[in-house]
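Structure first, then comments.
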Amino acid sequence: MLTTMTNESKNSRFKRLAKQRGERVLRDIHLIGNLSNRNNYEYTDQDISKLFRTIEEEIRLSKSRFITKKTRKLDF
């Protein structure tokens, strides 16, 4: 099925946006890794745990949105 505004299929649009957004996320994850340089930054284990706990929770929530409600019920 084509979208009316761009004549782009929903799947093509998904793939285009997923690629752009995925690349942006990967770039930002790499930049977060740069924060590990203790010559430039000071942080505690608690700071790191909070950062990654928040990121991991958001990934979990985003991923769950792709699972249908019927499938989710089977997982419990």
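Contact map, the range 38-57: residues that are outside the structural domain of residue 25 (by TED's automatic domain parsing) and at positive phi paired with residues that are in a loop (DSSP other than H, G, I, E, B) and surrounded by 10 or more Cβ atoms within 10 Å (Cβ to Cβ), Cβ distance under 8 Å, separation 6+ or inter-chain. No pairs are found.
All conditions in (1) of a type outside the set (S, T, N, Q); (2) at pLDDT 95 or above; (3) part of a loop (DSSP other than H, G, I, E, B); (4) surrounded by 10 or more Cβ atoms within 10 Å (Cβ to Cβ) hold for residue 67, with the sole exception of (2).
The values are calculated or read from the model by the stated rules, or taken from the named source; none is laboratory data. What you see is a predicted model; the values in this text were computed from it and never measured. Note that we place each Cβ from the backbone using ideal geometry, even for glycine, and neighbour counts take in every protein chain shown.
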